[in-house]
1. Sort out which residues of the range 19-34 are within 16 Å of residue 53 (Cβ to Cβ) and small (Gly, Ala, Ser), and write them in order of number.
2. Report every pair of residues separated by at least 6 positions or lying on different chains whose Cβ atoms are under 7 Å apart, first residue within the range 118-146 and of a type in the set (A, V, I, L, M, F, W, C), second surrounded by 10 or more Cβ atoms within 10 Å (Cβ to Cβ).
3. Name, by its number, the condition in (1) exposed (fewer than 12 other Cβ atoms within 10 Å of the Cβ); (2) at pLDDT below 90; (3) of a type in the set (A, V, I, L, M, F, W, C) that does not hold for residue 119.
4. Hey, does the range 88-110 have a residue that's loosely packed, with under 11 Cβ neighbours inside 10 Å and modelled with pLDDT under 70?
5. Could you list, in sequence order, the residues of the range 39-52 that are surrounded by 12 or more Cβ atoms within 10 Å (Cβ to Cβ) and either among the charged types (D, E, K, R) or under 17 Å from residue 69 (Cβ atoms) (or both)?
6. For the range 1-24, enumerate the residues that are assigned to a helix (DSSP H, G or I), surrounded by fewer than 16 Cβ atoms within 10 Å (Cβ to Cβ) and not basic (Lys, Arg).
7. Taking the range 32-59 only, how many residues are acidic (Asp, Glu) and closer than 14 Å to residue 11 by Cα?
8. Just to check your reading of the model, which residue among 76, 20, 33 is at pLDDT 90 or above and touching an Asp or Glu at 6+ places or on another chain (Cβ under 9 Å)?
Amino acid sequence: MNDIKSRIKRIIDDFYGGKNTNFANSLEIDEANIRNYLKGTEPKASFFEKINEKTEINIEWLISNKGDIIKSKIENIQQKENEDPFQDLTVDKKLDKLYYLLSTCVDKIISMEDEIKKLSNEKEQDKEKSIAKTKSKIEREILKAESVKVDLKHGDTKP
């Protein structure tokens, strides 16, 4: 468990600006506990539970130095799927949050719909320009061909 203190120090330095207080606050524990762990006191199971619950730190890395410091994306997704984001909210707050989430989604859908229309119009304009260019090229080639045909009728063999 000796190396855990160096890994805790790394977490504090890398993710909490080197401040024990920031780390303790994020875990909702007393900063004195962090100081004790950094001095070599073996962390309690509740400390690991808090880290797992409130951070993206990989507990396996913290305990055994195996794996990455940050949980894999799959672990994060699985953990978040099991969480109830509304568990500590009153009914009114839940409704407010749901209304906000739905209105945000609707706004995004409308924005995407507008972008699709814009892109569709641009595509149609590009298509029309391409058709006009192709038509112009064809008309020029027809004029050239008619000119060659007229020249050939008059006995001129130069195209």
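The values are calculated or read from the model by the stated rules, or taken from the named source; none is laboratory data. Keep in mind it's a predicted model, so treat the numbers as computed, not measured. Because the Cβ atoms are built from the backbone with ideal geometry, glycine has one as well, and the counts that use them run over all protein chains shown.
1. Within the range 19-34, 24, 26 meet the criteria.
2. Cβ pairs passing all conditions: none.
3. So residue 119 meets the others, but not (2).
4. no
5. Of everything in the range 39-52, those that are surrounded by 12 or more Cβ atoms within 10 Å (Cβ to Cβ) and either among the charged types (D, E, K, R) or under 17 Å from residue 69 (Cβ atoms) (or both) turn out to be 43, 44, 47, 48, 49, 50, 51, 52.
6. 2, 3, 6, 13, 14, 21, 22
7. The number of residues fulfilling the criteria is 1.
8. 20
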